[in-house]
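Everything on this sheet refers to the single structure shown next.
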Amino acid sequence: MRLSYLPPLMVYCAYGVSTLTGIVGTFFIKDYLDLSAAFIAALGFWAVIPWALKMPIGHLVDLLWRYKAGLVYLGALLIAASLLIMIGLLGQPEAMKAVMPASAWFVLSTLLAPVGYVMQDAVADAMTVEAVPRLDERGQPLPAEDIRLMHTTMQMLGRVAIIGGSVLVSLANVVMFQGAAGLGEAEKVAIYLRIYEFALAIPLLSVSGVLLAGWLKRREARRLRALGRSEEEIARAVHEPEETTSPNWWVLGGSAVFVTLTLSLGLSDFEYSQEAIFLGSFAVIAFLMRRLLGELEPAARRTLLGTAIVIFVFRAMPLPGAGATWWMIDVLGFDQSFLSRLDLITSGLTLAGLFLFRRFMAERSIAYIVVFLTLATTLLSVPIIGMFHGLHEWTAAHTGGVVDARFIAIANTALESPLGQVSMVPMLAWIANSAPQHLKATFFAVMASFTNLALSASQLATEYLNRIYVVTREVKDAAGTVTTPADYSELGGLLLTIAVLTLLLPLAAIWLTRRAGLKSA
């Protein structure tokens, strides 16, 4: 651990802390907004799309290396605006509804936040490269092997910072929601409001990281000046990248096409706008990847391409969607307090998993890791499917009520959590060490855009499956009349279909990349 690692870790940690409002958002949608599971999945698709904008933002960071902190400040403003909207909806709902419907405000808040986070994340990726020193205490160049090891450490610590942030907010949620099940509606809303107010610390944390980075640069400049280095040498060592970046008009032009396509289709009434945006985005990003792959040697090119395909398919697997959470709340009786404890277990054990699987990540190929994760994820989906069919009732009856639904959920979460971030660390470390020096942020951004596009595919597939297997929770109007009855009968088929797809598709992707002569990092 070095002090120079801290600024990007603070920005990453701010993203981890963003999960503070997750449980509140789940109950807010369920209790106050009449939105279907399919609509929420569609909204998730649009919320992921801004992450594909890491492409132009990352290249902009390379071009404006010395002034990249400005994007963190802009991102902080957007995040703060998103949080203030939710504070208004909870604290002054009638005043907000007088301007727009609550659902419209919620959609706006949901879309503003990821734009802010993606700006900050692109800068943080670049800061991880900057955080690894190139010179030793005497001002001499460090060995290449030492730099490679520091890059691997930096990327692992980046994941640790994100998950560490989620651990902190899980602890906060456990404390805030203690005894919430017995509170009245007004008291619960007061807790929700307080959590969103606490979340305003998120943009302050990321901005503080940038301010610390500036102070460290000034301190390093003073140190080099004391060693007798010229101002030109100091500027080159502290403020500028190792190689000057020229505008890549393919990246900028392709990104402009992507943004134009997304906005025009998103604002149109075209029925298949999501599908068109996904296919168009995929074509643009694949084209830009092809251009950037030309910067690598043939062996490295095959490795990066094979790795990207395997990670894409693995991350593109559909999820159950909001319906599964509603079922856990309504049928299994999971309240805010219990879901907070589950989040804490997930975050804590995911963090432990990064250290537990450190050698595993370093010594195994990504293909091997994905096979392991695919088999483990499929196996761990069995208890949830079993509980839909009454497994928890059978186990509770035979264990004196000990192994009930909550016991199974905690045990399953404890086993699954350490696997969360294992697939991404090797790829990020490989990019940090192998991408050309003058295009580090661009490579991070394009590869992140490609893998994040997989999350869009996941949300799209989730929406399709939620249209096939329709799951509804009970919705009441202002008078208390049930307008939509709860119906979880099709959830079992949804869970089983997802388990089969999650098992077969990643294994098929690995087999096909091997047949095509591609490798993985």
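Details
- Per residue, segment 1-155 exposes an accessible area of 39 Å² to a 1.4 Å probe, with every protein chain left in place.
- Exposure of W394 as accessible area (Å², to 10), given a probe of 1.4 Å and all protein chains: 150
- The residues of segment 250-345 present an accessible area of 45 Å² per residue when probed at 1.4 Å with all protein chains retained.
- Over the chain: helical MRE at 222 nm, DSSP H runs n ≥ 4 each giving -39500 (n - 2.57), nearest 500: -24500 deg cm²/dmol
- What the phi angles of segment 118-129 give under the Karplus curve with 6.51, -1.76 and 1.60, with θ = phi - 60°, is a coupling list of 5, 4, 5, 5, 4, 5, 4, 4, 5, 5, 5, 5 Hz, glycine and proline written as x.
- When the surface is traced with a 1.4 Å probe over the full set of protein chains, T21 keeps roughly 30 Å² accessible.
- The chain - percent of accessible surface contributed by carbon and sulfur, probe 1.4 Å: 65
- To the nearest 10, the accessible area of R364 is 110 Å² with a 1.4 Å probe.
- A value for semi-axes √(5λ) of the Cα gyration tensor in Å was derived from the coordinates, and within the list (1) 39, 26, 24; (2) 49, 28, 26; (3) 56, 37, 19 it appears as (1).
- Sorting the segments 155-163, 101-109 by their residues' average number of neighbouring beta-carbon atoms within 10 angstrom, most packed first, yields 155-163, 101-109.
- Scoring 34-44, 110-120, 10-20 by mean Cβ neighbours within 10 Å over their residues and listing the highest first yields 10-20, 110-120, 34-44.
- Partners for K519 among lysines (Cα-Cα distance below 29 Å; same-chain residues under 8 apart left out): K54, K440
- Candidate residues V210, V99: accessible-area rank, largest first, probe 1.4 Å: V99, V210
- When the C-alpha to C-alpha distance is required to be over 30 Å, the pairs from K97/K476; K97/K188; K68/K97; K188/K476 that qualify are K68/K97.
The values are calculated or read from the model by the stated rules, or taken from the named source; none is laboratory data. What you see is a predicted model; the values in this text were computed from it and never measured. Positions of Cβ are backbone-derived with ideal geometry, glycine not excepted, and every protein chain shown enters the neighbour counts. In case anyone asks, the SASA skips ligands and DNA or RNA and just uses the protein heavy atoms, side chains included. Shrake-Rupley method; radii C 1.70, N 1.55, O 1.52, S 1.80 Å.
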